[in-house]
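Below is one structure, written out as structure tokens; comments come after it.
The values are calculated or read from the model by the stated rules, or taken from the named source; none is laboratory data. Just so we're clear, the structure is a prediction, and the values are computed from it rather than from any experiment. FYI the Cβ positions are ideal-geometry reconstructions off the backbone, even for glycines, and counts take in every protein chain you see. With ligands, DNA and RNA removed, areas are computed over all heavy atoms of the protein, side chains included. Shrake-Rupley method; radii C 1.70, N 1.55, O 1.52, S 1.80 Å.
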Amino acid sequence: MIQHSESIANLMGAMLKVQGTVDGVRKDSRNPHFKAGYASLEAVVDTIRPACQEAGLVVMLAPGEFAGQCITVEAFIAHAASGEWLRSAMQLPVQKNDPQGVGSAITYGERYSLMALFAIPAVDDDGEAASRPEPP
């Protein structure tokens, strides 16, 4: 679910700048259970932070209510100069009802919320892209 301030023209202009700067986030972590790579929350934040700062965007992430084996994760993006804002909230199931299970769901939600809001994909960093010839 997304909510936003009455006007978001300045905010969208700033987000467009970020999206024009950031191509994707590197898969820097490995899930041994699924034998697959993924982009960690740290990699996502490190990827967007310089572009957000340049565009005047403030990004905040926070856990919300925990109810019925689900945790709400909220992402808030504000345009510092205009005060325009956008808020996203999603509910995630918690697999294990302990601090590690809740923390894992929160981190997962924060990571995917940021990637979705800024439309940035996770990309492989295996050197293949660097070995491709540039298109004419």
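When shorter helices are ignored and each DSSP H run of at least 4 residues is given -39500 (n - 2.57), the per-residue value for the chain at 222 nm works out to -12000 deg cm²/dmol. Enumerate the amide H contacts of His4 below 5 Å, restricted to partners 5 or more residues apart or on another chain; note that Pro and chain-start residues carry no placed amide H. Answer set, sorted by chain and number: Arg87. Taking GluC sites (Glu not before Pro) across segment 1-66, the ones in a DSSP loop with at most 16 further Cβ atoms lying within 10 angstrom of their Cβ are Glu6.
Using Cβ point charges alone (K and R +1, D and E -1), the dipole size of the chain about the Cα centre works out to roughly 200 debye. The relative contact order of the chain comes to 29 percent, based on Cα pairs under 8 Å that sit 6 or more residues apart. Taking the charge dipole of the chain about its Cα centre, with +1 at Lys and Arg Cβ atoms and -1 at Asp and Glu Cβ atoms, the residue from Thr47, Gly83, Pro63 reaching farthest to the positive side is Pro63.
Sorted from longest to shortest, the spans of the Cα atoms of segment 1-126 along the three principal axes equal 42, 40, 17 Å. Heavy-atom accessible surface of Lys17, to the nearest 10 Å², is about 140 Å², with a 1.4 Å probe and all protein chains retained. Taking label points 7 Å from Cα along the Cα-to-Cβ direction, Asp23 and Ser104 give a separation of 3.3 nm.
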